[in-house]
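Accompanying notes for the structure given below.
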Amino acid sequence: MKLCALAGEHRRLTDDEIKDQAPFSRSQLYRWQQGEDLDRKEREQKAIPEKTVEQAASVVATYPHLGGRKGQAYMLYHQLGSIGEKKYDEIKGNARRLFMREVARRELFSAKEAFEHIRPKRPGEIWAEDFTDVVVDGRTFKVATLIDVYDEFYLGAAAGVRATAALVRQPIDQALKLMDGWVPRLYLLSDNGSQYISETHGRLLTSLEIVQRRIPACVPQYNGAIEGSMREFKSVFYNVWERRKRTGADKEKSLLEQVRSAVKETITLLNEAIPRPSLGGVTPADVHYGRKGAKQREINQYREEESRRDVPPWTRDYWKVLKSGLGLEAMSDDELLTKSAFFGRKPLRRIAKRNRECVG
């Protein structure tokens, strides 16, 4: 790529990208960035001796953590040959391919876990448990949840100040009450948190004859159902929290009790009010209690009726209709900021950060 061509892309390329794509030295690129005119011929690519490439590969094998800059310095220091940073990185990239090929040839990859990820075929086969953080009024609370993996139906949830074995037991007790004492037919998925690998939790599951299977360490995506449910839970929770706070629904309660009330309402909404496209447009409760078919027929009938209905002429301006539906004027400042965060990137992080900094 010509330097003049890079000039047109400069506003969209980072310095590292320019250095990788341009066949010019770093000093030339630096002077070009300072505004000097460097419309000159491309620097010729110098041939590298075979021995130098072999020595570079030897350095990569000895110190695989070294990048192009350090690798070049090492070779010059020990008089192993002169090689450019980019060429060293290229050799290192090819060395990585050979390393991986040799590892595969020797079948040295770590063995799989004793079980593979099994997708349930019906409700009640696999449960999953986990906990997450919610931040309100400058304080962080732990919320433990338990779901049925098949339909992501929340079987139980509990909030507390700390994530303890006693806290993660509460959703299980709620699930047993909801399911009339039935436990998962296959197993219960847990992560490797200290609460879930504790002797107390193990004795509880053993006494209930629940088989516990822990996901591989540092692989949260293995338990994707609960991880996705946690994001959905927090997205709904923060909206519920701000609305309850504005209406004063729990004004006389302590902060922890307010959080527990908001958690309870959030679980109800997730189970019974918010449909999931992955479930065919019905709620987890519809699937869990066998109402899926009837509810889908009801939805299809409503869709047909709406498609045949005549559209009356508008009586209000488009923007007035939107403002009326949004109800922005009735929202508190905190509620407005919370809802606005969902129109940007990483909303949950932004909300948690603001809730830590803004108290009262």
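Taking residue 145 as the residue in question, decide whether it is more than 30 Å from residue 59 (Cα to Cα), of a type in the set (S, T, N, Q), surrounded by 15 or more Cβ atoms within 10 Å (Cβ to Cβ) and modelled with pLDDT of 90 or more. Yes; evaluated as a whole, the condition is true for this residue.
When the range 73-90 is filtered for residues that are under 12 Å from residue 55 (Cβ atoms), assigned to a helix (DSSP H, G or I), touching a helix residue (DSSP H, G or I) at 6+ places or on another chain (Cβ under 7 Å) and of a type outside the set (Phe, Trp, Tyr), only 75 remains.
Quick check on the range 303-360: of everything there that is surrounded by 11 or more Cβ atoms within 10 Å (Cβ to Cβ) and acidic (Asp, Glu), which residue is nearest to residue 139 (Cα to Cα)? The qualifying residue nearest to residue 139 (Cα to Cα) is 334. Does residue 249 satisfy the criteria of being part of a loop (DSSP other than H, G, I, E, B), in the same structural domain as residue 168 (by TED's automatic domain parsing) and more than 20 Å from residue 125 (Cα to Cα)? Here the answer is yes, as residue 249 does meet what is asked.
Residues in the range 70-90 that are of a type in the set (S, T, N, Q) and in contact (Cβ under 8 Å) with a residue 12 or more places away in the chain: 72, 82. Residue 224 meets all of the listed conditions (1) among the small types (Gly, Ala, Ser); (2) surrounded by 15 or more Cβ atoms within 10 Å (Cβ to Cβ); (3) in the same structural domain as residue 137 (by TED's automatic domain parsing); (4) in a helix (DSSP H, G or I) but one, namely (2). Residues of the range 126-169 that are closer than 20 Å to residue 202 by Cα, in a loop (DSSP other than H, G, I, E, B), more than 22 Å from the chain's Cα centre (by Cα) and not β-branched (Val, Ile, Thr): 162 alone. Answer with yes or no whether residue 278 is assigned to a helix (DSSP H, G or I) and farther than 16 Å from residue 160 by Cβ. Answer is yes for this residue.
The values are calculated or read from the model by the stated rules, or taken from the named source; none is laboratory data. All figures in this text were calculated on a predicted structure; none of them were measured in a lab. Quick reminder, even Gly has a Cβ in these numbers, built from the backbone with ideal geometry, and neighbours come from all protein chains shown.
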